[in-house]
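Values in this text are rule-based calculations from the coordinates and carry no lab data. From a predicted model like this one, the values you see are computed outputs, not experimental measurements. Reconstructed Cβ throughout: ideal geometry from the backbone, glycine too, with neighbour counts over all protein chains shown.
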Amino acid sequence: MENPQDRIEYLRGLLAEDPNEPFLHYAICLEIMKKDEEAALPLYRELLLDYPAYLPAYFQAAKLMAEIGLINEAIEVLDLGLPVAENQSDFHALSELKGLKQDILAGEFD
């Protein structure tokens, strides 16, 4: 499946079969982000609201937000994700979230 649109349609088909699988929502966000970053943003927001325990979404959503200039929202998302990583004892994700927050606060996305 070389065409991103084909991958998106494939993932949407899987999602229709299992609409409560957060990974499928996340994978769709990633594919859409390849084509249109801003179109992925509301999907990330919805993913974080619907599946707040789905840890990978916090990093990608915050990074996207920072890249398009939504610095405050990116920090808010990271601040929500940090305790999720701690509660899940996912120290790798915790380190990535902290690192991204430091990069944003250091002005690397300005």
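Projecting the Cα atoms of Ile28, Ala16, Pro56 onto the charge dipole of the range 1-101, computed from C-beta unit charges around the Cα centre, puts Pro56 farthest toward the positive end.
Of the GluC sites (Glu not before Pro) found in the range 59-110, those that fall in a DSSP loop while having at most 12 other beta-carbon atoms within 10 Å are Glu108.
Over the chain, Cα pairs under 8 Å with separation of 6+ residues give a relative contact order of 18 percent. Between the range 32-110 and the range 3-31, how far is it from one alpha carbon centroid to the other, in angstrom? Their Cα centres are 20 Å away from one another.
On the principal axes of its alpha-carbon atoms, the chain has extents of 39, 31, 22 Å, going from largest to smallest. Residues in the range 38-53 carry Karplus couplings, in order, of 5, 5, 6, 4, x, 5, 5, 4, 5, 4, 5, 6, 7, 9, x, 8 Hz; the curve used is 6.51 cos²θ - 1.76 cosθ + 1.60 with θ = phi - 60°, and Gly or Pro positions show x. Under the simplified labelling scheme, the Glu38-Ile68 pair shows an inter-label distance of 0.7 nm, with each label point 7 Å from Cα along Cα→Cβ.
Scalar couplings 3J(HN,Hα) for the range 69-82, obtained by applying the Karplus form with A = 6.51, B = -1.76, C = 1.60 to θ = phi - 60°, are x, 8, 4, 4, 5, 4, 5, 4, 5, 5, 5, 6, x, 4 Hz; x denotes Gly and Pro. A simple charge model with +1 on the Cβ of Lys and Arg, -1 on the Cβ of Asp and Glu and nothing else charged puts the dipole of the chain at about 120 debye relative to its Cα centre.
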